[in-house]
Ligand SMILES: Nc1ncnc2c1ncn2[C@@H]1O[C@H](COP(=O)(O)OP(=O)(O)OP(=O)(O)O)[C@@H](O)[C@H]1O
Ligand SMILES: [Mg+2]
């Protein structure tokens with residue numbers, strides 16, 4: 001009955017999280033050092049990335065929220081990952097296809113409306129992360145505060161930053177962002193202990209990534225990566241929904257595309273049909289809505305015609321990736337398939353044709369990224385020593401120069417951390433500021449690339465034009481996130497730099513969200529701990545109650561019985577408080593007080609048993 | 001970790017040569033990565049983390065530079081006080097004057113919609129690619145000559161060849177872009 005002692009001080013457990021467009025998972029390294037996915041309270045390993053705000057004001061995530069997509073479409077959001085690190089102008093196309101309700105006044109930061117409240121994409125993602133954190137804490141029986149989170153390899157700086165912000169808001173220290181295909185390679189490589197060159201093709205719900213890696217003596221060196229952060233199963237679903245909506249319009253004479261519940265019911269039906277089609281030659285899409293019925297058969301052949309261009313759109317990045325990796329197709333030993341959408345036979349065939357190799361499908365495509373994240377967590381916490389991941393930056397980094405032209409400083413597919421140093425000067429006598437516009441992308445003109453941020457070099461010593469020498473260091477860290485520092489090359493003094501991110505939250509905004517949510521998280525966690533301690537208390541209280549009826553109780557000395565009564569009362573006094581440690585210490589006290597009683601009971605039982613069996 | 005050299009050759013612990021054994025370079029890169037990569041320091045102090053980050057940035061930048069013969073040559077030239085600005089490769093190398101003149105004519109014709117210029121451009125591209133291969137062979141020989149002699153005069157020659165190569169390479173890119181653009 002002794003409660004398990006938990007050491008709250010030195011827990012260094014790091015979990016691995018796959019924060020997916022459709023599904024999210026959390027994994028850890030078990031005692032034997034094998035990565036394993038942690039199931040939620042409902043037993044499911046996949047937590048649907050769906051968030052709903054109930055009418056009572058509670059946030060609900062996962063399978064339960066998925067049901068709310070149909071019942072409460074205005075209070076529920078899915079595929080939030082598509083909005084991470086993006087501005088309102090970027091998502092106009094997206095809004096035609098997804099029922100995101102963007103709040104009025106969203107500018108550089110989008111706010112999504114759920115019922116009467118609004119949330120930024122990092123906050124919504126943080127709800128998902130909190131759910132995963134909670135699942136892990138319940139499963140492991142200890143607090144979890146450190147994590148490795150995966151991101152699509154092709155995510156840009158703003159999208160990565162937004163993911164990191166989500167982690168912080170959820171009360172997680174994000175030790176590393178790892179690229180999803182790289183994580184998959186890590187899980188795969190650890191499992192197979194192979195050497196050579198592999199390609200990882202990851203087609204999930206919302207994003208597509210392709211990475212080519214070299215595996216050598218435990219080093220996983222990414223040679224090149226490419227992808228599309230807005231290409232996945234969602235796009236296939238939207239295509240099928242569109243067709244069904246048109247059918248329904250002509251059959252029922254009614255356009256139901258503006259009824260949230262109808263569209264979500266249809267969406268569910270379409271996804272199920274799509275998934276069945278991976279294993280059956282034909283299936284039905286069916287919808288029952290307000291007494292009306294729609295049904296349509298769809299054969300795999302037609303399905304493949306409908307999605308051919310989507311599958312095709314993955315091939316360009318694959319070819320570019322092979323070229324950038326500097327390898328011939330024949331040198332690629334194996335292709336690893338990741339992501340639910342790679343279950344589609346047409347996708348498999350396309351991959352097989354392009355890479356001229358049979359794709360490797362032993363590992364569960366839904367879980368392999370999370371497993372790899374757990375492996376990376378093991379590497380970071382020192383429990384896995386021989387493996388090391390060398391990743392690259394997916395996009396070139398440059399600065400704006402005269403005439404709106406981009407001057408590249410760090411090229412795509414450079415191994416990270418990577419850095420470049422540039423010296424800047426002033427154009428006018430006495431100039432105090434220099435503004436540097438940093439961009440990401442492969443195009444030559446500023447307008448065709450992604451604006452990342454403007455860096456304002458401030459308080460420059462006033463000097464004649466062209467005399468100042470400000471050395472600026474651009475450093476992409478191991479998370480693929482840019483850090484900028486500057487110093488005055490004449491004086492060697494640190495130069496102050498003010499960052500104005502083009503998209504996403506400022507540090508102050510994140511801080512505010514963190515303190516808001518940490519308060520709640522700490523309360524949540526404390527409350528849960530106390531609840532667990534109370535369960536423990538109930539158990540011992542019931543046991544003691546029962547023992548008091550036993551003859552053995554009467555055999556105790558008066559002192560011993562008084563001691564038990566005292567411990568019992570003390571436990572009852574603290575029982576309803578929220579200090580779980582206090583409850584546990586009183587449990588322990590009662591446990592000690594009843595030790596003798598428990599012994600006596602066993603003896604009585606044994607004697608009784610002996611008596612009974614005596615011949 | 002102590003103070004780490006910021007010179008790429010020194011960081012890798014190899015001689016300042018133009019010709020390098022790439023397999024050896026790769027072995028050193030992997031070994032140094034194991035030693036300094038930030039992944040090895042995530043749970044250490046902020047100071048150690050920063051040192052690891054800086055060291056690995058030098059390591060990666062260095063590997064990128066040293067494993068590429070052209071970038072490596074430019075690095076070594078700079079280290080030896082040679083100016084290798086873009087300007088050098090903007091001036092037409094005298095021996096190419098005539099070809100470049102003809103090429104520009106053909107490019108202009110194609111831009112003006114004259115498809116007959118295409119064949120000439122394809123030919124020019126093949127010629128420049130062959131020229132580049134020749135230059136690469138020339139460079140390789142000079143690399144060996146410098147490593148053997150450590151003669152600054154050889155470095156000056158290397159710089160000349162590098163400028164010529166960059167010039168030719170820019171031409172090839174220009175032609176390819178133009179051909180692809182006209183085809184689309
Ligand atoms: N049998 C199947 N046939 C076709 N598609 C499937 C099948 N099973 C799952 N999918 C699709 O796979 C997608 C989900 O895959 P996955 O869980 O790998 O994505 P994710 O990790 O959430 O997204 P991402 O990696 O893009 O952020 C959904 O679009 C789902 O419909
Ligand atoms: Mg995924």
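A few remarks follow.
- Candidates A:326, A:382: the one that is within 14 Å of chain B (Cβ to nearest Cβ), away from ligand 2 (no atom under 16 Å from the Cβ) and closer than 18 Å to residue A:27 by Cα is A:382.
- Test: residue in segment A:176-193 that is assigned by TED's automatic domain parsing to the domain that holds residue A:222 and free of Cβ contacts under 8 Å to residues at least 40 places away in the same chain: yes
- Put simply, of A:273, A:280, A:320, A:308 the only residue that is more than 24 Å from residue A:366 (Cα to Cα) and away from ligand 2 (no atom under 16 Å from the Cβ) is A:320.
- Qualifying residue in segment B:47-55 (condition: within 20 Å of the chain's Cα centre (by Cα) and either within 13 Å of chain A (Cβ to nearest Cβ) or over 22 Å from residue A:324 (Cα atoms) (or both)): no
- In this structure, residue A:344 does not qualify as under 30 Å from residue A:466 (Cα atoms), at pLDDT 95 or above and buried (at least 20 other Cβ atoms within 10 Å of the Cβ).
- Residue in segment A:560-574 that is touching a residue at least 40 places away in the same chain (Cβ under 8 Å), touching a helix residue (DSSP H, G or I) at 6+ places or on another chain (Cβ under 9 Å), surrounded by 13 or more Cβ atoms within 10 Å (Cβ to Cβ) and not in a loop (DSSP other than H, G, I, E, B) present: no
- Among the conditions (1) in a loop (DSSP other than H, G, I, E, B); (2) out of contact with any helix residue (DSSP H, G or I) (no Cβ under 6 Å at 6 or more places or on another chain), residue A:478 misses just one, which is (2).
- Filter result for residue A:112 (modelled with pLDDT of 90 or more, touching a helix residue (DSSP H, G or I) at 6+ places or on another chain (Cβ under 8 Å) and surrounded by 23 or more Cβ atoms within 10 Å (Cβ to Cβ)): no
- For residue A:478, the criteria (1) closer than 30 Å to residue A:380 by Cα; (2) more than 14 Å from chain B (Cβ to nearest Cβ) hold in every case but one, which is (2).
- Residues being within 16 Å of ligand 2 (Cβ to nearest atom) and over 12 Å from the mean Cα position of the chain (by Cα) - total across segment A:15-34: 0
- Segments classed as strands (runs of 3 or more DSSP E), wholly inside segment A:266-368, with at least 2 members that are under 30 Å from residue A:251 (Cβ atoms) and within 16 Å of ligand 1 (Cβ to nearest atom): A:282-289, A:292-299
- Residues of segment A:21-42 satisfying the condition of being in a loop (DSSP other than H, G, I, E, B) and either at pLDDT below 90 or near ligand 1 (Cβ under 10 Å from one of its atoms) (or both): A:21, A:22, A:31, A:32, A:33, A:41, A:42
- Count - residues of segment A:422-443 that are within 14 Å of chain B (Cβ to nearest Cβ) and surrounded by 14 or more Cβ atoms within 10 Å (Cβ to Cβ): 2
- Here residue A:123 passes the criteria (1) touching a strand residue (DSSP E or B) at 6+ places or on another chain (Cβ under 7 Å); (2) crowded, with 22+ Cβ neighbours inside 10 Å except the one numbered (1).
- Of all the listed residues (A:398, A:382), the sole one being surrounded by 21 or more Cβ atoms within 10 Å (Cβ to Cβ) and either closer than 24 Å to residue A:496 by Cα or in the same structural domain as residue A:222 (by TED's automatic domain parsing) (or both) is A:398.
- Residues located in segment A:55-80, provided they are part of a helix (DSSP H, G or I), in contact with a strand residue (DSSP E or B) (Cβ under 8 Å, 6 or more places away or on another chain) and within 19 Å of residue A:205 (Cα to Cα): A:63, A:65, A:66, A:69, A:80
- Single condition residue A:272 does not satisfy, out of (1) farther than 18 Å from residue A:222 by Cβ; (2) in contact with a strand residue (DSSP E or B) (Cβ under 7 Å, 6 or more places away or on another chain): (2)
- Filter result (assigned to a strand (DSSP E or B), crowded, with 20+ Cβ neighbours inside 10 Å and within 16 Å of ligand 1 (Cβ to nearest atom)) within segment A:221-265: A:225, A:226, A:227
The values are calculated or read from the model by the stated rules, or taken from the named source; none is laboratory data. Predicted, not measured: the structure shown is a model, and the values here were computed from it. Cβ coordinates were reconstructed from backbone atoms using ideal geometry, including for glycine residues, and neighbour counts include every protein chain displayed.
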